[in-house]
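Worksheet for the structure shown next.
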Amino acid sequence: MRARYEEFKSRARKNYSDFREEANRRHAEFMRRAWARYKSLPELERPKDEKRPPVVMPERDRDKLPESVPVTIEEVVTPQPPAPQPAPPAPIREQPEPPGQEYAVFRFYGTECKVRFNRELRFRLTDCSERGMAKLWERLSAGDYDNTLRDCLELRERLALGDWGYVKLLDAVSEACMGGKGNEANMLKAYIYCQSGYKVRIGMGNGAVYPLYASRHQIYGTRRFDVGGDMLYVFDCQETQLHICDVPFPQEKPMSLWIDRTPALVHTPTESRVLQSQSNKDVKAEVKVNKNLIDFYDGYPSSATGDDFMTRWAMYANTPMSDDVKRLLYPSLEEGIRNMPQREAACRLLNFVQTAFEYEYDDKVWGCDRAFFAEETLYYPYCDCEDRSILFSRLVRDLMGLDVALVYYPGHLATAVAFNDEVPGDYIELGGRRYVVCDPTFIGAPVGMTMPGMDNSGAKVLLLSRK
């Protein structure tokens, strides 16, 4: 039995190796002729919306219980859950290490990393033609780069990187391996990305080589090409036309921009910031965030799913808070709401978000609309209605274990919470449950109050994940 098992295992490994070897051989063969010229499409502009200023509720009205008034909503959006992360179409086998194994060492958002890569594996791309590109692909797929590929996949898992994080990691890997930016680094990056299970194409323009990435989401403000019905995005490229090789690879998948795990970057704390509710002095916290994570989030592409601009907020609101921040922020907030009925606890968290942060418009601060991940709101000095709603939704889900939805009115974003207790106020009926409106920008307003001037006839709801 042992002998038969070892024979089966050996045969399975050979079948996997043969499959990948054949796939790369055919890929290189098609690269010699499957090229065509494509013209870029206009970049998707981030949705622009009129901005509603915050409203301050008069002191005399803050202690009044609101009436329970149903709110009719035009549309309910439920984003699709993230798909499993792409994986190589066949296992990447460990290769024997050469004598004197060398490493490419680099920093990835403050985190020291390394991959196996000997200097003799560096190459020069002197022939940017169909024939030259195919010849280079044959060299890359001969097996010498498999340990580098394995190390990249291991880093993706160890650093808890989503697909976009993996793209950024491969930027750093390829530059460290090839000694800087350029065509060689871009080709190595495209090869590793392809062999990791992702859908990527190679484009050439004015002597430069560019990877083009397929995405499950529409990405704003990024150059894009329609290649065979697939929308492909290219970063750091100003070319309006590219010669693109449209050669598929077995089992390839587009990247997702969802983040379901906080990237495990080395912790570099920012300066302390004290945040305190104006109405409840005991709801107070001193926070520090990881500057490396802030830098990572800073370059995150704004995107939407299924041509629905509402879903762009789900990317930010469904991203979990890091454990480092939870350990600093949550104990103080938990103490401030301990043993309270759900309405009172939610009112305290709501007032904390309403009054502990300074409001400012994105256009004034950033020059464009820019949503924040929850931790960014804790870091940056200013935030607007969408940032407050994202943070509040995170706090209610994590600290109270309740379901939350984002409520979009033209020019404004608020939240609604599905309480288990009977809580009065404006509410939305969803799936037989009442989601009570909670507005982090209606300053001083308790749970259940809609900010004045909101047009419910044009309102939409975005359901968030519990996680």
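Every number here is computed from the coordinates shown, using simple stated rules; none is lab data. Every value quoted in this text rests on a predicted model; they were computed, and no experiment measured them. Don't worry about glycine lacking a Cβ; one is built from the backbone with ideal geometry, like all the others, and counts go over all protein chains shown.
Quick one: Karplus J couplings for the range 459-467, per residue in order, coefficients 6.51, -1.76, 1.60, θ = phi - 60°, nearest Hz, x for Gly and Pro?
Karplus values, whole Hz, x for Gly and Pro: 7, 10, 10, 10, 6, 9, 6, 6, 4.
Give me Asp403, Asp230 ranked fewest to most by other Cβ atoms within 10 Å of their Cβ, as a rough exposure proxy.
Starting with the residue having the fewest Cβ neighbours, the order is Asp230, Asp403.
Identify the chymotrypsin sites (Phe, Trp or Tyr not before Pro) of the range 380-448 meeting these criteria: DSSP loop state and at most 10 other C-beta atoms within 10 Å of the C-beta.
Answer in residue order: no site qualifies.
First select every other residue whose beta carbon is under 13 angstrom from the beta carbon of Cys177; then total the charges, Lys and Arg +1, Asp and Glu -1.
Around Cys177, the surrounding residues sum to -1.
Need the C-alpha centroid separation for the range 67-123 versus the range 259-302, integer Å.
23
Taking only C-alpha pairs under 8 Å that are 6+ residues apart, what is the relative contact order of the chain in percent?
RCO, the chain: 20 percent.
Arranged by the count of other C-beta atoms within 10 angstrom, fewest first, what order do His412, His217 take?
Listed from fewest to most nearby Cβ atoms, that is His217, His412.
Here are a few candidate values for semi-axes √(5λ) of the Cα gyration tensor in Å: (1) 48, 24, 21; (2) 32, 26, 23; (3) 64, 27, 21. Which one was actually calculated from the structure I just gave you?
Among (1) 48, 24, 21; (2) 32, 26, 23; (3) 64, 27, 21, the one calculated here is (1).
Once you charge only the Cβ atoms, +1 for Lys and Arg and -1 for Asp and Glu, what is the size of the charge dipole of the range 333-439 about its Cα centre, to the nearest 20 debye?
Dipole magnitude for the range 333-439 comes out near 280 debye.
Rank these for me by crowding, Thr262, Thr441, Thr268, going from fewest to most other beta carbons within 10 Å.
Result, fewest neighbours first: Thr268, Thr262, Thr441.
Taking DSSP loops as anything outside H, G, I, E and B, show the longest stretch in the chain free of GluC sites (Glu not before Pro) there with at most 11 other beta carbons within 10 Å.
95-270
Step through the residues of the range 242-249 one at a time and calculate ³J(HN,Hα) from phi using the Karplus curve (6.51 cos²θ - 1.76 cosθ + 1.60, θ = phi - 60°), rounding each to whole Hz and writing x for Gly and Pro.
Each residue of the range 242-249 in turn: 9, 8, 10, 9, 9, 10, x, 10 Hz.
List the trypsin sites (Lys or Arg not before Pro) within the range 63-139 that fall in a DSSP loop (any state other than H, G, I, E or B) and whose Cβ has at most 16 other Cβ atoms within 10 Å.
Lys64, Arg93, Arg122, Arg124
Using modelled amide H (1.01 Å from N, peptide plane; none on Pro or chain starts), what sits under 5 Å from the amide H of Thr450, excluding residues fewer than 5 places away?
Correct list: Asp426.
In whole Hz, what ³J(HN,Hα) sequence does the range 264-279 give by Karplus (6.51, -1.76, 1.60; θ = phi - 60°), x for Gly and Pro?
8, 8, 4, 8, 10, x, 7, 5, 5, 9, 9, 10, 9, 5, 6, 8
Helix-derived [θ] at 222 nm for the chain: sum -39500 (n - 2.57) over DSSP H runs of at least 4, divide by residue count, nearest 500?
Taking each H run of at least 4 residues, the total per residue is -10000 deg cm²/dmol.
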